[in-house]
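Reviewing the structure listed below.
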Amino acid sequence: MKEAPVIDIRECSDCGSCLEVCPTVFRRNEVSGFIETRDLPEYPEDEIREAINCCPRDCIAWNMDG
């Protein structure tokens, strides 16, 4: 199992702080307009932790992908 960050798009205010802090992990989907997580073999934990701490809506979390 790999641990991956997820964004609760129902809570996301689209502030873009996660994009600034961790652009290798988060991106804006050009079709839907929502911020999403890139599918990576490994995720930079320190950068993601910073993005979680910077998120004003607390909508970023770790999720176990089975």
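The values are calculated or read from the model by the stated rules, or taken from the named source; none is laboratory data. Just so it is clear, the model here is predicted, and its values are computed rather than measured. Every residue, glycine among them, receives a Cβ derived from its backbone with ideal geometry; neighbour counts consider all protein chains shown.
The one condition from (1) touching a helix residue (DSSP H, G or I) at 6+ places or on another chain (Cβ under 9 Å); (2) loosely packed, with under 14 Cβ neighbours inside 10 Å that Met64 does not meet is (1). Determine whether Pro56 is surrounded by 11 or more Cβ atoms within 10 Å (Cβ to Cβ) and either in contact with a His (Cβ under 8 Å, 6 or more places away or on another chain) or at pLDDT 95 or above (or both). No.
Each residue in region 1-42 was checked for being of a type in the set (Lys, Arg) and either outside any loop (DSSP other than H, G, I, E, B) or in contact with a helix residue (DSSP H, G or I) (Cβ under 9 Å, 6 or more places away or on another chain) (or both), and 3 of them qualify.
Summed over region 1-41, residues that are in contact (Cβ under 8 Å) with a residue 60 or more places away in the chain and of a type in the set (A, V, I, L, M, F, W, C) total 2.
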